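What follows is one structure encoded as structure tokens, with my remarks underneath.
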Amino acid sequence: MPKVALVGAGSRVFTRRLVSDLTRFFGNDVEIRLIDIDPEKLQWAERLALRIREEAHCLPLVKAFSERRPAFESCDYVINAINVGGRVAWSRDFEIPARYGVRQTVADTLGIGGIMRALRTIPEVLKIARDLEAVAPRARLLNYTNPMSMVMLALFKTSSLPALGLCHSVPATAKQLAHYLDMDLAELEWQAAGINHQSWFLQLSRHGQDLYPTLRQRLPRIYEQDRVRFEIMRRFGYFSSESSSHAAEYVSYFLPRDPWMQRLHLVPREFLDQPGSLAEIATLLEQPEPVYLPEFSIEYAPQVIHSLETGTVRVIEVNVPNTGLIANLPASAIVEVPALVQGHQVLPTSVGKLPEALAALNRQGIAVQQLTIEGVLERRRESIYQAAFLDPNLSTTLDLDQIVSLTDELLAAHAGYIPPLELSWGRDVPLAFR
């Protein structure tokens, strides 16, 4: 019987989906351990899991923990979905940059918001890894926490734990593409690869027939439904994963420019202004309708666990080190590629080279990721500045001095979550010609 721990169980979306799927896969034969440092969130998460169990008419063991180590003992799988600092910290990632004129829609992957989230999150994720190494070194860590690529890069640089980065953005995008193409998702054949939240659908077909010409023909009718990603597809040839709100932050073309903001209907703070997870859980539990999902969700973690436990063969998307999987992205990068789950193993597959323009867009994000990780692990303030200097959206909006000032202000605002960062060169370096 697999023992599965969910860290950050206060997430309504993940807890509902993961508990429903695990219950559907394993029935009584699974132990689900819910972990959250917020007592109220933990209580709501436990109530949600118990109601799912009741509605599913089975009795998987459900336990709630406020501390990690007791929950990790003898665990087989740990699903990480933490959000360090919660909505208060996330709000600062929007509000302080907004005073500088920096627009963000999601602020969890790249940009100054993604950099700050990495600085807050990675030290805590590495503590989770240390706890697992101490009490359950064979447990597989399945990470959902953003910024995905930065978290996974830090993990692989510092830990020997078996770990996978899992994200629902690719299967969710495949579902959207099937809708745009007016076809059943089961008929859609696709291959996606790149980096998390910017994977490229390299192939779209049905019975071997390329569907990209059909998608382009439909653009006048469907453009309004996904403006940013269709605009990127028009210019670069391929559709990307995640949402238009996310995609706008990873390039320099849209958020710094008022006409494009209006043309693409982009809304700053779009994700932050959605309801909080605790309010959503409370509302969910008050409804008379079942909370147990009527069918499997798109989440990969329960599928991975089921395949590894039963030998069921599946193809999923994973975020792993680039061991030659994408030939024209850096070897030190975390890439998102298809993987075969077979014979109790997860086997990432090589996709060769991306079209060069797509690889170039990915490399912009990878540079930000790598410098941020250098700053986190080596506590180098300069690396954080340089990550911000290279971010496409940020560097198009602000000059170098403004970026340093914004970074300093955010580091001070998040000082309770971020270890001190050392500055090895002077803040004001005299120019040679002065």
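Per-residue answers, yes or no, for (1) closer than 30 Å to Ser332 by Cβ; (2) in contact with a strand residue (DSSP E or B) (Cβ under 7 Å, 6 or more places away or on another chain):
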residue: Lys175; (1), (2): no, no
residue: Ala178; (1), (2): no, no
residue: Leu188; (1), (2): no, yes
residue: Ser199; (1), (2): yes, yes
residue: Leu202; (1), (2): yes, yes
residue: Gln209; (1), (2): no, no
residue: Arg221; (1), (2): no, no
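Can you confirm whether segment 47-60 contains a residue that is farther than 30 Å from Leu410 by Cα and among the small types (Gly, Ala, Ser)? Working first, answer last.
As a first pass, look at segment 47-60 and keep what is farther than 30 Å from Leu410 by Cα: 47-60.
Restricting the remaining residues to those that are among the small types (Gly, Ala, Ser) gives 49, 56.
Looking through segment 47-60, at least one residue is farther than 30 Å from Leu410 by Cα and among the small types (Gly, Ala, Ser).
Yes/no matrix, rows are residues, columns are (1) under 30 Å from Gln402 (Cα atoms); (2) buried (at least 23 other Cβ atoms within 10 Å of the Cβ):
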residue: Leu59; (1), (2): no, no
residue: Phe65; (1), (2): no, no
residue: Asp76; (1), (2): no, no
residue: Gly85; (1), (2): yes, no
residue: Arg99; (1), (2): yes, no
residue: Gln104; (1), (2): yes, yes
residue: Met116; (1), (2): yes, yes
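Pairs please, first residue from segment 192-213 and free of Cβ contacts under 8 Å to residues at least 40 places away in the same chain, second anywhere and buried (at least 22 other Cβ atoms within 10 Å of the Cβ) and in a strand (DSSP E or B), Cβ atoms under 8 Å, 6+ apart in sequence or on different chains.
Asp210/Leu204; Leu211/Leu204; Tyr212/Leu204
Name the single residue that is farthest from Gly10 (Cα to Cα) among those in segment 74-102 being outside any strand (DSSP E or B) and in contact with a strand residue (DSSP E or B) (Cβ under 9 Å, 6 or more places away or on another chain).
Here the residue is Ser74.
Go through segment 365-391 and count every residue that is under 19 Å from the mean Cα position of the chain (by Cα) and in a helix (DSSP H, G or I). Working first, answer last.
Going residue by residue through segment 365-391, those that are under 19 Å from the mean Cα position of the chain (by Cα) are 365-373, 376, 387, 391.
Imposing the further condition that a residue be in a helix (DSSP H, G or I) reduces the set to 365-373, 376, 387.
Summing the residues that are under 19 Å from the mean Cα position of the chain (by Cα) and in a helix (DSSP H, G or I) in segment 365-391 gives 11.
Being among the hydroxyl-bearing types (Ser, Thr, Tyr), in contact with a helix residue (DSSP H, G or I) (Cβ under 8 Å, 6 or more places away or on another chain), at pLDDT below 95 and not in a strand (DSSP E or B) is the requirement here; does Ser424 meet it? Steps first, answer last, please.
Values: among the hydroxyl-bearing types (Ser, Thr, Tyr): yes; in contact with a helix residue (DSSP H, G or I) (Cβ under 8 Å, 6 or more places away or on another chain): yes; at pLDDT below 95: yes; not in a strand (DSSP E or B): yes.
Judged against the criteria, Ser424 is a match.
Test Ser199 against the stated conditions and say whether it is buried (at least 16 other Cβ atoms within 10 Å of the Cβ), among the small types (Gly, Ala, Ser), under 24 Å from Leu325 (Cβ atoms) and in contact with a helix residue (DSSP H, G or I) (Cβ under 9 Å, 6 or more places away or on another chain).
Judged against the criteria, Ser199 is a match.
Do we have any residue at all in segment 206-215 that's small (Gly, Ala, Ser) and either under 22 Å from Pro348 (Cα atoms) or touching a Gly at 6+ places or on another chain (Cβ under 7 Å) (or both)? Quick ask: steps written out before the conclusion?
At the first step, the residues of segment 206-215 found to be small (Gly, Ala, Ser) are 208.
If we keep only those that are either under 22 Å from Pro348 (Cα atoms) or touching a Gly at 6+ places or on another chain (Cβ under 7 Å) (or both) as well, we get none.
Within segment 206-215, none of the residues are small (Gly, Ala, Ser) and either under 22 Å from Pro348 (Cα atoms) or touching a Gly at 6+ places or on another chain (Cβ under 7 Å) (or both).
Looking only at segment 14-72, which residues are part of a loop (DSSP other than H, G, I, E, B) and farther than 20 Å from Lys127 by Cα? Even if it seems obvious, please write down each step before you answer.
Going residue by residue through segment 14-72, those that are part of a loop (DSSP other than H, G, I, E, B) are 27-30, 36-38, 57-60, 66-67.
If the condition is that a residue be part of a loop (DSSP other than H, G, I, E, B) and farther than 20 Å from Lys127 by Cα, then Gly27, Asn28, Asp29, Val30, His57, Cys58, Leu59, Pro60 are the ones that fit.
Counting only residues that are exposed (fewer than 15 other Cβ atoms within 10 Å of the Cβ) and in contact (Cβ under 8 Å) with a residue 40 or more places away in the chain, which one in segment 333-371 is farthest from Gln191 (Cα to Cα)?
In this case the residue turns out to be Ala357.
Quick check on my filter: what residues within segment 9-41 are of a type in the set (A, V, I, L, M, F, W, C) and at pLDDT 95 or above? Reasoning before the result, please.
Step one: of segment 9-41, the residues of a type in the set (A, V, I, L, M, F, W, C) are 9, 13-14, 18-19, 22, 25-26, 30, 32, 34-35, 37.
Answer for segment 9-41, where residues must be of a type in the set (A, V, I, L, M, F, W, C) and at pLDDT 95 or above: Leu18, Val19, Leu22, Phe25, Phe26, Val30, Ile32, Leu34, Ile35.
I'd like to check something: does segment 302-320 contain any residue that is surrounded by fewer than 21 Cβ atoms within 10 Å (Cβ to Cβ), within 30 Å of Gly113 (Cα to Cα) and touching a strand residue (DSSP E or B) at 6+ places or on another chain (Cβ under 7 Å)?
Yes; the residues of segment 302-320 include at least one that is surrounded by fewer than 21 Cβ atoms within 10 Å (Cβ to Cβ), within 30 Å of Gly113 (Cα to Cα) and touching a strand residue (DSSP E or B) at 6+ places or on another chain (Cβ under 7 Å).
Could you please give the count of residues in segment 225-262 that are surrounded by fewer than 24 Cβ atoms within 10 Å (Cβ to Cβ), of a type in the set (D, E, K, R), in contact (Cβ under 8 Å) with a residue 40 or more places away in the chain and under 22 Å from Ile112 (Cα atoms)?
Of the residues in segment 225-262, 1 are surrounded by fewer than 24 Cβ atoms within 10 Å (Cβ to Cβ), of a type in the set (D, E, K, R), in contact (Cβ under 8 Å) with a residue 40 or more places away in the chain and under 22 Å from Ile112 (Cα atoms).
More than 19 Å from the chain's Cα centre (by Cα) and free of Cβ contacts under 8 Å to residues at least 40 places away in the same chain, is that true of Pro2?
On the way: more than 19 Å from the chain's Cα centre (by Cα): yes; free of Cβ contacts under 8 Å to residues at least 40 places away in the same chain: no.
In short, no.
Could you check segment 128-158 and list, in sequence order, the residues that are more than 13 Å from Ala81 (Cα to Cα) and touching a Lys or Arg at 6+ places or on another chain (Cβ under 8 Å)?
Hits for segment 128-158 are Asp131, Ala134, Val135.
Read through the list (1) on the phi < 0 side of the Ramachandran plot; (2) free of Cβ contacts under 8 Å to residues at least 40 places away in the same chain, then give the number of the only condition that Thr396 fails.
In the conditions (1) on the phi < 0 side of the Ramachandran plot; (2) free of Cβ contacts under 8 Å to residues at least 40 places away in the same chain, Thr396 misses (2) alone.
If you go through segment 234-250 one residue at a time, do you hit one that is modelled with pLDDT of 95 or more, among the hydrophobic types (A, V, I, L, M, F, W, C) and not in a helix (DSSP H, G or I)?
yes
Quick one: in segment 114-135, of everything that is touching a residue at least 60 places away in the same chain (Cβ under 8 Å) and among the small types (Gly, Ala, Ser), which residue is farthest from Phe254 (Cα to Cα)?
Ala134
Taking segment 20-48 on its own, how many of its residues are without any contact (Cβ under 8 Å) to a residue 40 or more places away in the chain, of a type outside the set (D, E, K, R) and surrounded by 19 or more Cβ atoms within 10 Å (Cβ to Cβ)?
Qualifying residue count for the region: 4.
The values are calculated or read from the model by the stated rules, or taken from the named source; none is laboratory data. All figures in this text were calculated on a predicted structure; none of them were measured in a lab. Reconstructed Cβ throughout: ideal geometry from the backbone, glycine too, with neighbour counts over all protein chains shown.
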